[in-house]
Amino acid sequence: MSKSVIKTPPKGGFSFDLCKRNEMLAKKGVNPPSFRKTGTTIVGLIFQDGVILGADTRATEGPIVCDKNCEKIHYMAPNIYCCGAGTAADTEAVTDMVSSQLQLHRYHTGRESRVVTALTLLKRHLFNYQGYVSAALVLGGVDVTGPHLHTIYPHGSTDTLPFATMGSGSLAAMAVFESNYREGLTRDEGIKLVTEAICSGIFNDLGSGSNVDICVITKGGKEYLRNHLQPNPRTYTSSKGYSFPKKTEVLLTKITPLKEKVEIIEGGDVMEE
Amino acid sequence: MNFMALKQPENSLLGSESDSQRTLYPYVTGTSVVALKYKDGILMAADMGGSYGSTLRYKSVERMKPIGKHSLLGASGEISDFQEILHYLDELILYDNMWDDGNSLGPKEVHNYLTRVMYNRRNKFNPLWNSLVLGGVKNGNKYLGTVSMIGVNFEDNHVATGFGNHLARPILRQEWHENLSFEDGVKLLEKCVHVLLYRDRSAVNKLQVHIFLYTCRLHLLDKSS
């Protein structure tokens, strides 16, 4: 370990030192590597008894689908959930961080978390990083003051809305919401509308795909419907699977259950060379 | 030839540009056009706004015009380029009429002509900054096609330009079906136009709707919502 003075970045916050250099490089044609985004459709709407959040499940790395069934609805508190669009790492990290802060706050106050608390924590963090934390969120939950739905943009601005969409498929989903939303929807109508909006994103936007996840939050509790709808199942070329040509004569059928063959050694040796 | 002070881009491949004019950006623009085929013909709608940047400058611009006896052209994008296209088409229709042979250019032919014009202009780096929608009926056959400013063209049962691609097409894909009645077609078109009015900042609430029937052509102007 050398004893020379190491130049440390200033405490707290993001260091913007390299931004100018990156911009210069980008102008010369050297672009930074693309990060794994959740080119996405996320939606939320307020219905009679609470909030319904919906999301698709495709994660993309540039033009490639890297995860066909990822989870975009993140837990914040028992009564608050958050959908995230943008860079996957950013949405995960920021929601986990605020979730822990909310937990500590709950211990401190002894009360149920409020949605505006989560909102303020998230927007302060995102504004601090001036949009470099690329997380666009749809935050929804039910607390003592009632049901709430907010959208949070990467630069830190927020909106409070009765229905909201974010992500690359937001326009397709918004088209569905704008034509079919009305106040006082029942739970089933709400779920149906959210599913339709996400499906519109899945089928009309290339950045969204695979399945539909739904989360229904009411005063009584929450219901996380993972893969509520799977409109893109894997289809195999032959539904019957593999079959021998008809003329083959079956001489003997012997079925060996593989479980019995494996010997489990307790505290077994590490593999030798 | 008037000389305009053109900004030379850093790595220009075109050498001296002072003796030619190219469309660099649109100035007065029209927003989306939405069209669909229904049982008896074509329905097309466009609003009547012409924006000058972020100002809503002109509120009674007709962005759809009938072409010949069989077609209807709707355009979004630069209004002056649309007027230029109408000029070309006037000449085309005139020459066609002069043949006086009982035949007239149908929508498919006009669409093809427009594709060639748009693509050729794009190849000369001087595009006509429009997205066009061409619809019509000839001899009982309905036709609906679109051409973009770079010459991409295709034919479909329902088309939209500009913002309509993102907001109206999902709705049309879900709810359009063969043999839509006139009322259902209008309702569907209205639904699309409503969403566009809510979410497109350059949309106006004054519409131009054209209906193309097998037998005749009707236009409804100034349908304010």
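Can you find even one residue in the stretch B:115-133 that is within 14 Å of chain A (Cβ to nearest Cβ), of a type in the set (Gly, Ala, Ser) and open to solvent by 20 Å² or more (accessible area, probe 1.4 Å)? The answer is no; no qualifying residue exists.
Of all the listed residues (A:Gly110, A:Gly140, A:Gly156), the sole one being in contact (Cβ under 8 Å) with a residue 12 or more places away in the chain and more than 18 Å from A:Tyr75 (Cβ to Cβ) is A:Gly156. Selection within the stretch A:181-195: residues that are more than 14 Å from chain B (Cβ to nearest Cβ) and in a helix (DSSP H, G or I). The member of this set that is surrounded by the fewest Cβ atoms within 10 Å (Cβ to Cβ) is A:Asp188. Checking each residue in the stretch A:162-180 for being within 13 Å of another protein chain (Cβ to nearest Cβ) and within 10 Å of A:Phe47 (Cα to Cα) picks out only A:Phe163. A residue that is at negative phi, of a type in the set (A, V, I, L, M, F, W, C) and touching a Phe, Trp or Tyr at 6+ places or on another chain (Cβ under 7 Å) cannot be found anywhere in the stretch B:119-128. Could you tell me how many of the residues in the stretch A:35-85 are at pLDDT 90 or above and assigned to a strand (DSSP E or B)? So the count comes out to 22.
Among the residues here, B:Glu10 qualifies as assigned to a loop (DSSP other than H, G, I, E, B) and either modelled with pLDDT under 90 or small (Gly, Ala, Ser) (or both).
Going by the conditions given, is B:Tyr143 among the hydroxyl-bearing types (Ser, Thr, Tyr) and either in contact with a helix residue (DSSP H, G or I) (Cβ under 6 Å, 6 or more places away or on another chain) or within 20 Å of B:Ile211 (Cα to Cα) (or both)? When the stated conditions are applied, B:Tyr143 passes them. Among the residues of the stretch A:210-233, is there at least one that is in contact with an Asp or Glu (Cβ under 9 Å, 6 or more places away or on another chain), under 26 Å from A:Ala88 (Cα atoms), in a loop (DSSP other than H, G, I, E, B) and in contact (Cβ under 8 Å) with a residue 12 or more places away in the chain? The answer is yes, given that some residue of the stretch A:210-233 is in contact with an Asp or Glu (Cβ under 9 Å, 6 or more places away or on another chain), under 26 Å from A:Ala88 (Cα atoms), in a loop (DSSP other than H, G, I, E, B) and in contact (Cβ under 8 Å) with a residue 12 or more places away in the chain. Against the test of being under 15 Å from the mean Cα position of the chain (by Cα) and not acidic (Asp, Glu), the options A:Tyr75, A:Tyr107 yield a single qualifying residue, A:Tyr75. Return yes or no: is A:Val144 away from chain B (no Cβ under 14 Å) and surrounded by fewer than 23 Cβ atoms within 10 Å (Cβ to Cβ)? So A:Val144 fits the description; yes. If you go through the stretch B:90-106 one residue at a time, do you hit one that is open to solvent by less than 10 Å² (accessible area, probe 1.4 Å) and either under 14 Å from the mean Cα position of the chain (by Cα) or under 23 Å from B:Val186 (Cβ atoms) (or both)? Among the residues of the stretch B:90-106, not one is open to solvent by less than 10 Å² (accessible area, probe 1.4 Å) and either under 14 Å from the mean Cα position of the chain (by Cα) or under 23 Å from B:Val186 (Cβ atoms) (or both), which makes the answer no. For the structure I just gave you, tell me whether B:Glu109 is surrounded by 15 or more Cβ atoms within 10 Å (Cβ to Cβ) and of a type outside the set (Ser, Thr, Tyr). Taking the combined requirement at face value, the residue satisfies it.
Taking the condition at pLDDT 90 or above, assigned to a loop (DSSP other than H, G, I, E, B) and surrounded by fewer than 15 Cβ atoms within 10 Å (Cβ to Cβ), does B:Ser16 pass? No: the conditions fail for B:Ser16. Checking A:Ile198, A:Ile202 one by one, the residue that is out of contact with any helix residue (DSSP H, G or I) (no Cβ under 7 Å at 6 or more places or on another chain), of a type in the set (A, V, I, L, M, F, W, C) and either more than 14 Å from every other protein chain (Cβ to nearest Cβ) or crowded, with 19+ Cβ neighbours inside 10 Å (or both) is A:Ile202 and no other. Of all the listed residues (A:Leu121, A:Leu149), the sole one being among the hydrophobic types (A, V, I, L, M, F, W, C) and surrounded by fewer than 20 Cβ atoms within 10 Å (Cβ to Cβ) is A:Leu121.
The values are calculated or read from the model by the stated rules, or taken from the named source; none is laboratory data. Values in this document were obtained by computation on a predicted structure and should not be read as measured data. For neighbour counting, all protein chains shown are included, and Cβ atoms are generated from backbone atoms with ideal geometry for every residue, glycine included. Just so you know, the surface numbers come from the protein's heavy atoms only, side chains and all, with ligands and any DNA or RNA stripped out. Shrake-Rupley method; radii C 1.70, N 1.55, O 1.52, S 1.80 Å.
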